[in-house]
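The values are calculated or read from the model by the stated rules, or taken from the named source; none is laboratory data. Because the structure is predicted, anything quoted here is derived from the model rather than measured. Here the Cβ positions follow ideal geometry from the backbone for every residue, glycine too, while neighbour counts run over all protein chains shown.
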């Protein structure tokens, strides 16, 4: 577009100068007018390559129009240079001022023949009018194309930046997910180790301590058998934890059967009387729920064994509409449950077991309630909803 405009201007300067000389205009005046117009035009082209100041461009165009007016005064043949002026007006000026400028140029074109020749024709009016409208329309269309191209370029740059930001965000989310997964896995392992291996070691330590305190050699065989059974169970749990499978206790039966075996072992090892009550028609539970309740029971019974000094433990499994509840109650020494519920460390080994139980159950949408008073025993109630979780079974 710009190259075409420059070529048109050069041709029109040459045509206007040639026709003016042919009509008898002074050669020196014609050449001077043509050279001044061409020089100012070239200066504007050079200036446009160095700055995009719209106001400076507008003043340059006004100067070019004044020079053109002088060339028209020298010869009417220079009215042809109105065409590049209309092109430049549409490109440099705002639409309103471009129209005003174009009308002024048209008036000069229409009046010039009358001033020079004393007459004019319809062709001298209609032709420039059509040419002016055409030139102004072409230049405005060119401006719109440029604006559209710039907007497209801006949008492409924005999309590229958004894509880069999205890639960074995906990378950050992936990193966060990896860290979160690692943290969840560490938490799971710490709970499983606490609820199985650590409790087994505590039981072994308690049995050995009791045997040493008793000093009865005839009872050592029974103690060793109990220690061997606990060690074997712990070994199986270690293998299951590593393989991320369900607890070994659940392989031999449902949750109720696993609880029954745990309570029988507690009675055999400590002499604590135990009871298990299961609602009729107790449903088959998803594996995740069975594991959570089993680990809760293991941790609760370990606390009874180590801290409660209880004579009796009762475990209840109840089906309550769309959830299940497991209660573990003992008649031991108890502790101040209000301080634990308020967020303190609690009793018995810092209370990690209770916090671990509650956290595990909350992951399934459930919870843990603890009721205890010093000297009046302890009751734990674990509840887990079943709605929407049955698909996790197996």
Does residue 308 satisfy the condition of being touching a helix residue (DSSP H, G or I) at 6+ places or on another chain (Cβ under 8 Å) and surrounded by 21 or more Cβ atoms within 10 Å (Cβ to Cβ)?
-> no
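Which members of the stretch 288-339 meet the condition of being in a helix (DSSP H, G or I) and free of Cβ contacts under 8 Å to residues at least 12 places away in the same chain? Working first, answer last.
Step one: filter the stretch 288-339 for residues in a helix (DSSP H, G or I), giving 288-308, 337-339.
Passing the criteria: 338, 339.
Got a sec? Which of 326, 357 is under 27 Å from residue 273 (Cα atoms) and at pLDDT 90 or above? Write out each step before concluding.
Details: 357 fails: at pLDDT 90 or above.
Just one listed residue meets the conditions, 326.
Within the stretch 102-159, how many residues turn out to be on the phi > 0 side of the Ramachandran plot and touching a residue at least 24 places away in the same chain (Cβ under 8 Å)?
Going residue by residue through the stretch 102-159, those that are on the phi > 0 side of the Ramachandran plot are 118.
Okay, now just the ones that are also touching a residue at least 24 places away in the same chain (Cβ under 8 Å), so none.
Final tally of qualifying residues: 0.
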Only one of (1) farther than 27 Å from residue 92 by Cβ; (2) at pLDDT 80 or above is not met by residue 150, so which one is it?
-> (1)
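For the stretch 264-280, name all the residues that are out of contact with any strand residue (DSSP E or B) (no Cβ under 7 Å at 6 or more places or on another chain) and assigned to a loop (DSSP other than H, G, I, E, B).
Initially, the stretch 264-280 is screened for residues out of contact with any strand residue (DSSP E or B) (no Cβ under 7 Å at 6 or more places or on another chain), giving 264-265, 268-271, 280.
Across the stretch 264-280, the qualifying residues are 271, 280.
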